[in-house]
Structure formats: C-alpha cells, structure tokens
Amino acid sequence: MGSEDELKSKFSNSFFSVVSSRHPTSGGDCSGDPGGLDTLKTIVSGSGSVVTQNPNCNKITVENSSLKNNVVWELGTNPNGADSKETLNEIIKQIGKDRKLFLVTPYNNNSSSKEATGKIAKLYRDFAKSNDNVYIVDWAKAVEGKESKYLNEDGYHPNKEGQKLLVSLISNAVSSSGSSSSSS
C-alpha cells in the first residue's frame, strides 16, 4: 500500500484495488474486503464493487471488466498460508491465457515471517516456470541483503527508495515481457 502513489504515477492508466494486509483468500484492514482472489473475480466479471483503502476504505464500482492486459499480483508479505498453487491456478483461470500475470515475490525480514515469505517467493518462481503468461517481479531478491537501503525499520514495508525500486522492477518486468507499461 505504501507504494501506491509511486505506482499510480508510473502506471496512470491502470486500475488499482489496494488494501493493507490483504491476503489472497481473506480480507485486509478494510471492512468488506473479501481478499485478493474474490476482488479479482469481481474485476473480471465487470459487475459489482471492490474495496480500496485509499483514501478511506471506499468501494469502487466496477462497470465492464476493468482488468487490463497486465495483471500485477502483490500479496504475500503478511503470510497466512493461503498462497498456494491452487490459488495461483485460480488466478490464471480468472485472467485467462491472453493476459500476463506479474507475481511480485514478497519479502519480510522479520524472523517470524521470513521463512513463510521465502516459501511464497519460491512458489511464485516455480509457478512462473510452468506458465507461459506468468512473469516474476523479484522484489525479494532485489532487497535481500539491502534491507537498510530499501525497507523501513519494520523489515518489510518499502521506504521511499524501496518504492522507487519496486515500481522500476514492475515496469522493467512488464517491458521485458513485450508489453507496454501503459497497459497494466
């Protein structure tokens, strides 16, 4: 959520549904948030509303499918065990084979979450190897060992430099996939 402004400045034609602590299958800090997968299903269906935290846990009405050609999935920093191959397969089912999915590998340097986010990052990397339309944005690799440069003191939220790096990583992944950054 902390990188939302940076992302919006780079991907100004994109659709965002950002909620802090959102999990793939359960909601985050906003009341009424069903989680990432159900939010994606609503966006794909083009009917209903989705929650966004900025500015105040508002609901955004979805009319027609707001899903773009490039879908960025950045969940898993607050691991809850819901990241699974089944969840990833359902994401692919929802977006279809004609869109590109960019999985941002999570990173959390806190001792209680580091192993879990490492497993999620591995799951994402392995999933990308077996799906032609899935790409990795390797945030975890980019910040590991450079936590003081890119992360706040909490060990997982990106600081200003980290926000710039994250946006650059996403932009580079989209560009190197043969897509235009403006269609995310």
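The values are calculated or read from the model by the stated rules, or taken from the named source; none is laboratory data. What you are looking at is a predicted structure, and each value in this text was computed from that prediction instead of being measured. When we count neighbours, we look across all protein chains shown, and the Cβ atoms used for this are built from the backbone with ideal geometry, even at glycine. When the accessible area is computed, the model is the full protein with side chains, heavy atoms only, and any ligands, DNA or RNA have been set aside. Shrake-Rupley method; radii C 1.70, N 1.55, O 1.52, S 1.80 Å.
Only Cα pairs within less than 10 Å get springs; with that Gaussian network setup on the chain, which residue of Ser14, Ser66, Ser112 has the largest fluctuation? It is Ser112.
Report summary: the helix-based calculation at 222 nm, which adds -39500 (n - 2.57) for every DSSP H run with n ≥ 4 and divides by the residues of the chain, gives -11000 deg cm²/dmol. Summing Cβ point charges (Lys, Arg +1; Asp, Glu -1) relative to the Cα centre of the chain gives a dipole of roughly 440 debye. Among the trypsin sites (Lys or Arg not before Pro) within segment 95-169, those in coil by DSSP and having at most 15 neighbouring Cβ atoms inside 10 Å are Lys97, Lys146.
Taking the DSSP beta bridges with both ends in the chain, the antiparallel portion is around 45 percent. Given their separation in residues at 0.36 nm each and the Cα-Cα distance between them, Ser49 and Lys8 gain 12.8 nm when the chain is fully extended. Counting charges near Asn70 (Lys, Arg +1; Asp, Glu -1) among other residues having Cβ under 9 Å from its Cβ returns a value of +3. Shape class of segment 116-184 from the Cα gyration tensor (axes a ≥ b ≥ c, square roots of the eigenvalues): oblate, since a/c reaches 1.5 or more and a/b does not exceed b/c. Between the amide H of Asn109 and those of Tyr156, distances stay under 5 Å, these residues lying 5 or more places away or on another chain, with hydrogens modeled in the peptide plane. Annotation note: trypsin sites (Lys or Arg not before Pro) in segment 25-69 located in DSSP loop regions with a Cβ neighbour count of at most 10 within 10 Å are absent. Shape class for segment 1-100, computed from the alpha carbon gyration tensor (a ≥ b ≥ c): rounded, with a/c under 1.5. Looking at segment 1-140, the accessible area is 48 square angstrom per residue; that uses a 1.4 Å probe and ignores ligands, DNA and RNA. The length gained on full extension between Ser176 and Ile92, counted as 0.36 nm times the residue separation minus their Cα-Cα distance, comes to 28.2 nm. Placing unit charges on the Cβ atoms of the charged side chains and taking the dipole of segment 1-81 about its Cα centre, the candidate lying farthest along the positive direction among His23, Asn54, Thr39 is Thr39. About its Cα centre, the dipole of segment 40-116 is roughly 180 debye, where the only charges are +1 on Lys and Arg Cβ and -1 on Asp and Glu Cβ.
Here the dipole of segment 65-109 is about 220 debye; that uses its Cα centre as origin and unit charges on the Cβ of Lys and Arg (positive) and Asp and Glu (negative).
Modelled this way, with points 7 Å down the Cα-to-C-beta line, the labels at Lys122 and Glu63 are 4.8 nm from one another.
In the set (i) 18.2, 67; (ii) 17.6, 53; (iii) 15.2, 43, the label that goes with Rg and Dmax of the Cα atoms in Å computed for this structure is (iii).
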